[in-house]
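**Q** Just dropping this structure here.
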Amino acid sequence: MTRSRWLALFAVAFAVVTFFYFDLDALLTLENLKAEQASLEAQIAEQPALFVTGFFVIYVLATAVSLPGAATAMTLVAGALLGLVWGVVFVSFASTIGATLAMILGRWLFKEEIERRFPSQLATINRGIEKDGAFYLFTLRLVPIFPFWAINILMALTRMRVLQFYLISQLGMFAGTLVYVNAGTELARIEQASDVLSPGLIASFVLLGVFPLLAKWLVDFLRARRVYSNYERPRRFDTDMVVIGAGSGGLVAALIAATVKARVTLIEKNKMGGDCLNTGCVPSKALIRSARHAYDNRRGGELGFDNIELPVDLNKVMRRVQRAIAKIEPHDSVERYESLGVDVELGEGRIVSPWQVEVNGKLITTRNIIIATGAEPFVPPIAGIEMVDYLTSDNIWSLEQLPGRTIVLGGGPIGTELTQALARLGSQVTQVELLPNILPREDIEFSTLVREQLEAEGVSVMTGYKATEVGSDGGENYLVVTDEAGIEQRVLFDRLVVAVGRKANTTGFGLEEIGVELNANGTVAVDDYLRTNFPNIFAIGDVAGPYQFTHTASHMAWYAAVNALFGVFRKFRVDYSVIPWATFCAPEIARVGMNEQEAKAAGIDYEVTTYDVSDLDRAIADEAAHGLVKVLTRAGSDKVIGATIAAEHAGELIGEFTLAMKHGIGLKKIMGTIHIYPTFLEMNKFAASEWRKAHKPEWALAVAERFHAWRRG
Ligand SMILES: Cc1cc2nc3c(=O)[nH]c(=O)nc-3n(C[C@H](O)[C@H](O)[C@H](O)COP(=O)(O)OP(=O)(O)OC[C@H]3O[C@@H](n4cnc5c(N)ncnc54)[C@H](O)[C@@H]3O)c2cc1C
């Protein structure tokens, strides 16, 4: 906190302490007010304008510095001296102006510091404020059990606009003001403060407080009625839940429902297991493993052998990829799921109404629907692209011949994994990316490490190039790419792989017809409970985002299934606070939490600690001594706010930081934990030691040095 802020805080604290030290609070007791009533009335009769103005200024200042109890006492005085109408007008403006000044002061004093220390908590609160802020503040103002000054300070920490705060406060406090000013007019008859809060009055306050909640339920109810208005709700349901899509999200949602003894129907139009098993994680990791074998042979010299260029039969490699899929398939099979109590329907599901899904000519009535229809490769509208038989992550797994020259369009995780795998198998690969770096979501050190490795393996990485046209000339396919200066180049290719992103599957199965709302990026819009605009229809996984991973799809599945089945008792907000992920190129890049670019953008006060993997014994022994561990901690603390690792097995190693973040374990504890020697895992501990070294207590070491010198004599 800056010096001026400390001074201001000190001044406010001084004012409050002085107030109590000189027993000025005694002036605000009911007895004193009653005793002074006659003299106050005389003053007001003598110089009404001066008295009212002075009183107004004192009221505003007392509330602005949050003098406890002052507002209540002065409101009663206002009632007693000014009567109901003028008292209400006076207090309504004085208290709102004072509250707003208190909020502005609190914001100036504390907001920056609190945002720095608790960024994620504040981000969550601010999201709520953005959505329902006006309503929350109104509720808080209406319910007199929430202290007036505490609400001002609380709201100071949020991003609520000052004018909005002012208007809602004035409106929200009006009922309370009326009650208290009215009580003030009865001052002579009130014997003690508790009379103001008589059971009858409390009951009316509670009613006033509950009113906004009732109003919110009413608004929700009306909103729901509006979306459901065109449909007749069945009187009985065939099933508790229909899940559309048997991929990573749908499978888990159905399994949870069956486990808690709900009746659930899982519908799949293509292959059980969805993208991850059939065209995503599993085949890509299997291909990467085979490609690594070819690469390890090529660099055999580094390990004491000859460099061998293995002949690559892509057909055989892809057969191995399919074998891996086939081995995992039983985990996601119809038989397994039916044995676990799930009704599986193989066919295209179509939502007919919010409670009806049609599949294979059958109409199933259901209490809830979970949309888990995934995403598909996005193919950009490049002129002439439809003229070539381009590949995507959907069909590349049936490629039988390794292309001589491949262009991979896209520098994200999928594009980068495929680039390296195809290059290692022996294709001459050019990777084209529009942005200045590949893996643009990662910090520059990591994208540079991967780029250097790709280039060392013979890939031509073209970043900052827009693909503008696909054509063919004399039997040769070419892609026209244009750089920022508008200079065009032609890149020749035999096969083009399109991996520029994935678009949510939201069309053709009833969402448009019933009016399920979408986000601007085409994903299904869901609230914190994963409900769509139809409260009994949920969406999870790639179709909803914001993350498109298998583990996030299943994470969301838990929330959607539990909220759908048990939401009448308790609903759970989906928690995205600690999400790890990895790109399985070499070196593998794994991350959890924030990286530096995100921490900077969020204005967080952070520290960076790095450890260079080239020093690690096990990495040296394994001829894998390259990579980096980068840990972000909150400034002055060992609490991890994010970690990125570039190394072999990074996807496994990040687990330690994920656990640390999830459970608030700091770097000191990671350092104090025994790690097996020699392992790759030691790099986490060494990164933690680097942090410790940078924070060693110099004064204690100086004392220790003197102590040893003294003992040596
Ligand atoms: C090449 C590649 C590599 C990847 N690697 C990884 C990785 O290493 N790690 C990771 O975490 N993630 C990875 N992913 C992402 C991961 O595959 C997805 O995030 C995950 O599959 C999403 O699961 P989902 O349930 O949302 O959708 P999906 O798994 O796509 O499942 C959706 C299912 O819904 C079905 N469906 C659609 N419409 C209907 C309908 N109307 N009726 C019936 N069925 C319907 C589809 O046929 C599909 O089976 C990768 C993706 C790709 C493409």
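The values are calculated or read from the model by the stated rules, or taken from the named source; none is laboratory data. Since the model is a prediction, treat every value here as computed from it, not as a measurement. Using ideal geometry, Cβ is built from the backbone for each residue, glycine included, and neighbour counts are taken over all protein chains shown. Each accessible area value is taken on the protein alone, full model and side chains, heavy atoms only, with ligands, DNA and RNA left out. Shrake-Rupley method; radii C 1.70, N 1.55, O 1.52, S 1.80 Å.
**Q** Among residues other than residue 493 whose Cβ falls under 14 Å from its Cβ, what is the net charge (Lys/Arg +1, Asp/Glu -1)?
**A** Surrounding charge for residue 493 is -2.
**Q** Moving to a separate point now. Computed on alpha carbon atoms, what radius of gyration and Dmax characterise the chain, expressed in Å?
**A** Radius of gyration, then largest Cα-Cα span, for the chain: 33.0, 108 Å.
**Q** For the chain, what is the accessible area per residue in Å² when the probe is 1.4 Å?
**A** Spelled out: the 1.4 Å probe surface of the chain, per residue, equals 50 Å².
**Q** Whenever you get a sec, compute what percent of the accessible area on the chain sits on carbon and sulfur atoms (1.4 Å probe).
**A** Carbon and sulfur atoms account for 59 percent of the accessible area of the chain.
**Q** Just to confirm a number: summing +1 for Lys and Arg and -1 for Asp and Glu over residues other than residue 346 whose beta-carbon lies under 15 angstrom from that of residue 346, what do you get?
**A** Combined, the nearby Lys, Arg, Asp and Glu give -4.
**Q** Heavy atoms only, probe 1.4 angstrom, no DNA, RNA or ligands counted: give me 22, 55 ranked by accessible area, highest first.
**A** Most to least solvent-accessible, the answer reads 22, 55.
**Q** Taking Rh as the Kirkwood radius, which is the inverse of the mean 1/r over Cα pairs, what is the Rg/Rh value for region 358-455?
**A** Computed over Cα atoms, the ratio is 1.13.
**Q** Let me ask another. Contact order normalised by length for region 554-713, with contacts defined as Cα pairs under 8 Å and 6 or more residues apart; what percent is it?
**A** About 20 percent, as a whole number.
**Q** On the Cα set of region 306-424, report Rg and Dmax in Å, please.
**A** Gyration radius and largest Cα-Cα distance of region 306-424: 20.3, 66 Å.
**Q** Let me ask something additional. Grab the other residues whose beta carbon is less than 12 angstrom from that of residue 100, score K and R as +1, D and E as -1, and report the net.
**A** Here the charged neighbours net out to +2.
**Q** Continuing with this model, one more query. With every protein chain present, what accessible area does residue 606 have (1.4 Å probe, heavy atoms only), rounded to the nearest 10 Å²?
**A** Looks like 50 Å² after rounding.
**Q** Sticking with this one: Quick one: if you stick a label point 7 Å off each Cα along the C-beta vector at residue 517 and residue 490, how many nm between them?
**A** Label at residue 517, label at residue 490, 5.0 nm between them.
**Q** Of 169, 427, 251, which is farthest along the charge dipole of the chain in the positive direction, counting Lys and Arg as +1 and Asp and Glu as -1 at C-beta?
**A** Checking the options against the dipole of the chain, the answer is 169.
**Q** Subtract the Cα-Cα distance of residue 269 and residue 31 from 0.36 nm times their separation in residues, and report this length gain in nm to one decimal.
**A** My answer for the length gained is 77.9 nm.
**Q** Report the accessible area of residue 244, computed with a 1.4 Å probe over the heavy atoms of all protein chains in place, in Å² rounded to the nearest 10.
**A** Approximately 10 Å² of residue 244 is accessible to the 1.4 Å probe.
**Q** Quick one: dipole size for region 571-704, taken about the Cα centre, charges +1 on Lys/Arg Cβ and -1 on Asp/Glu Cβ, in debye to the nearest 20.
**A** Using only the charged Cβ atoms, the result is roughly 720 debye.
**Q** Enumerate the lysines that residue 285 could reach by cross-link, defined here as Cα to Cα under 26 Å, with residues fewer than 8 away along the same chain left out.
**A** Result set, ordered by chain and number: 269, 271, 316, 327, 503, 630.
**Q** Report the accessible area of residue 693, computed with a 1.4 Å probe over the heavy atoms of all protein chains in place, in Å² rounded to the nearest 10.
**A** Residue 693 has an accessible surface of roughly 120 Å² with all protein chains in place.
**Q** DSSP H helices in the chain with Cα extent of 15 Å or more along the helix axis and mean Kyte-Doolittle hydropathy at least 1.6?
**A** 48-64, 70-106, 248-259
**Q** Ok, one more. Could you work out the helix-only [θ] at 222 nm for the chain, with each DSSP H run of four or more residues adding -39,500 (n - 2.57) and the total divided by the number of residues, to the nearest 500 deg cm²/dmol?
**A** Computed mean residue ellipticity for the chain: -15500 deg cm²/dmol.
**Q** Looking at the chain only, what percent of DSSP beta bridges run antiparallel? Nearest 5 please.
**A** Approximately 60 percent, going by the DSSP bridge assignments.
**Q** Give the lysines reachable from residue 261 as a straight Cα distance under 20 Å; neighbours fewer than 8 places away on the same chain don't count.
**A** Straight-distance partners of residue 261: 571.
**Q** Right, here's the next one. Quick one: dipole size for the chain, taken about the Cα centre, charges +1 on Lys/Arg Cβ and -1 on Asp/Glu Cβ, in debye to the nearest 20.
**A** 1680
**Q** What FRET efficiency, computed as 1/(1 + (r/R0)^6) with R0 = 60 Å and r the Cβ-Cβ distance, is obtained for residue 297 and residue 708, rounded to the nearest 0.05?
**A** That gives a FRET efficiency of 0.60.
**Q** Please arrange 92, 472, 460 by accessible surface area, largest first, computed with a 1.4 Å probe and ligands excluded.
**A** Order by accessible area, largest first: 472, 460, 92.
**Q** Could you tell me which of rounded, prolate or oblate describes region 509-594, using a ≥ b ≥ c as the square roots of the eigenvalues of the alpha-carbon gyration tensor, with rounded for a/c under 1.5 and, failing that, prolate when a/b is larger than b/c and oblate otherwise?
**A** oblate
**Q** Put +1 on the Cβ of each Lys and Arg and -1 on the Cβ of each Asp and Glu in the chain; which of 15, 658, 470 then has its Cα farthest toward the positive end of the dipole?
**A** Result: 15, furthest along the dipole toward the positive end.
**Q** Write down the percent of antiparallel bridges among all DSSP beta bridges whose residues are both part of region 373-509, to the nearest 5.
**A** If I count the DSSP bridges inside region 373-509, around 50 percent turn out antiparallel.
**Q** Turning to a different aspect of this structure: Could you work out the per residue convex hull volume over the alpha carbons of region 560-617, in cubic angstrom?
**A** For region 560-617, the hull spanned by Cα atoms encloses 176 Å³ per residue.
**Q** Next question, about the same structure. Take residue 334, project a point 7 Å from its Cα along the Cβ direction, then tell me which residues of region 229-268 have their backbone nitrogen under 12 Å from it.
**A** Within reach of a label on residue 334: 267-268.
**Q** Report the one residue of 589, 632, 646 whose Cα lies farthest in the direction of the positive end of the charge dipole of region 566-713 (charges on C-beta: Lys and Arg +1, Asp and Glu -1; origin at the Cα centre).
**A** 632
**Q** Subtracting the Cα-Cα distance from 0.36 nm times the residue separation, let me have the gained length for residue 315 to residue 85 in nm, one decimal.
**A** Gain in length upon complete extension: 74.0 nm.
**Q** List the relative contact order of the chain as a percent without decimals, with contacts defined as Cα pairs under 8 Å and 6+ residues apart.
**A** 10
**Q** Also, I was wondering about something else. Among rounded, prolate and oblate, which fits region 427-516 when a ≥ b ≥ c are the square roots of the eigenvalues of its C-alpha gyration tensor, a/c under 1.5 means rounded, and a/b larger than b/c means prolate?
**A** Since a/c reaches 1.5 but b/c is at least a/b, the shape of region 427-516 is classed as oblate.
**Q** Follow-up. Using the crude model of +1 on Lys and Arg Cβ and -1 on Asp and Glu Cβ, and no other charge, please compute the dipole size for region 498-645 relative to its Cα centre, in debye to 20.
**A** 520
**Q** What length, rounded to one decimal in nm, is gained on full extension from residue 612 through to residue 551, with 0.36 nm per residue of separation minus their alpha-carbon distance?
**A** So the extension gain works out to 19.1 nm.
**Q** Top to bottom by accessible area (1.4 Å), largest first, where do 434, 449 land?
**A** In descending accessible area the options line up as 434, 449.
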